Amino acid sequence: QLTSGRLVVPANHSLEGNIRRSHVFFSDDQGETWEVGGIVEPATDESQVAELNDGRLMMNTRIPDDTHYRGVTISDDGGESWGPLFYDETLVDPMCQGSLLNTSKGLYFSNPATQVPQPRDHMTVRLSLDDGQTWPIGREIDAGPSAYSALAELTDGRIGLLWESGDFLPYETIRFAAFNRAWLEAGDEE
């Protein structure tokens, strides 16, 4: 939910030929009615959206191509339209879903940080202190197989990470870790 009260849900749809496009659904009446927001070009899917500190929305999306970077686009109107898509070359990606979360302590991102399509591994959490312009802080959470993830701010202020993991394949189990910003920055075990 945005500070304006608008509800925003990231989604994607498929066109003929299985070409995927990211968009959002939004509601300004607490979910009674919904509208489809702007569609992101080119092929994108499995997106996450976060409200930045200045009220703009950032969409961070998987791009099914050979670059293996995350795609980023910005909306100035609450998701009704999206600006040009650009590659964030800091956020390498094996074509896998990632998670994006903005908190009072910074913008967090998680994904398996490898630049080859397989294997999916090296689950990493990154922190940006400038609304995603740079990602100077990061830490590998799981060196082994890993895939989809979800970030959340816990009631005690720590960040929680839930992710697919395993010993041989990234889909064998679900793991959870909780950490604070100091742990992410310093590498000291909690």
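The values are calculated or read from the model by the stated rules, or taken from the named source; none is laboratory data. In this text, all values refer to a predicted model and were calculated from it rather than measured experimentally. Neighbour counts are summed over all protein chains in view; Cβ atoms, including those assigned to glycine, are modelled from backbone coordinates with ideal geometry. Areas reflect the complete protein model, heavy atoms only, side chains present, ligands, DNA and RNA absent. Shrake-Rupley method; radii C 1.70, N 1.55, O 1.52, S 1.80 Å.
Return the loop-located chymotrypsin sites (Phe, Trp or Tyr not before Pro) in segment 86-171 (DSSP other than H, G, I, E, B) with at most 15 other Cβ atoms within 10 Å of their own Cβ; answer none if there are none.
Hits after loop and neighbour filter: PHE168, TYR171.
When the convex hull of the C-alpha atoms of segment 20-100 is computed, what volume per residue in Å³ does it have?
It is 95 Å³ per residue.
Tell me which GluC sites (Glu not before Pro) from segment 1-96 have a DSSP coil assignment and no more than 13 other beta carbons within 10 Å of their own.
Answer in residue order: GLU16, GLU32.
Using a Gaussian network for the chain with springs between C-alpha atoms less than 10 Å apart, which of these wobbles most: GLY17, GLY38, GLY98?
Largest GNM mean-square fluctuation: GLY17.
Measuring from centroid to centroid over Cα atoms, what is the spacing of segment 129-159 and segment 23-62 in Å?
Cα centroid to Cα centroid, the span is 20 Å.
So who's got an amide H within less than 5 Å of the one on LEU91, skipping anything under 5 residues away but keeping other chains? H placed 1.01 Å off N, in plane.
ARG70
Report HIS122's accessible area, 1.4 Å probe, all protein chains in place, as a number in Å² to the nearest 10.
60 Å²
Looking at GLY157, GLY144, PRO10, which one has the Cα that reaches farthest to the positive end of the dipole of the chain (charges on Cβ: Lys, Arg +1; Asp, Glu -1)?
Going by the Cα projections, it comes out as GLY144.
Toward the positive end of the charge dipole of segment 49-139, about the Cα centre and with charges on Cβ (Lys, Arg +1; Asp, Glu -1), which of GLN118, GLY106, ILE74 goes farthest?
Positive-most Cα among the choices belongs to GLN118.
If the only charges are +1 at each Lys and Arg Cβ and -1 at each Asp and Glu Cβ, what is the size of the charge dipole of the chain around the Cα centre, to the nearest 20 debye?
Its charge dipole is roughly 160 debye.
Given the alpha-carbon gyration tensor of the chain, what are the semi-axes of its equivalent ellipsoid in whole angstrom, ordered largest first, with each equal to the square root of 5 times an eigenvalue?
26, 21, 15
Which order do VAL125, VAL92, VAL36, VAL9 take by accessible area at a 1.4 Å probe, largest first?
VAL36, VAL9, VAL92, VAL125
Give the long-range amide H neighbours of PHE25: residues separated by 5 or more places, or on another chain, with amide H under 5 Å away, using H modelled in the peptide plane at 1.01 Å from N.
Here VAL9, ALA11, GLY37 satisfy the definition.
In terms of the Cα gyration tensor, with a ≥ b ≥ c the square roots of its eigenvalues, is segment 151-190 rounded because a/c is under 1.5, prolate because a/b exceeds b/c, or oblate?
Here segment 151-190 falls in the oblate category.
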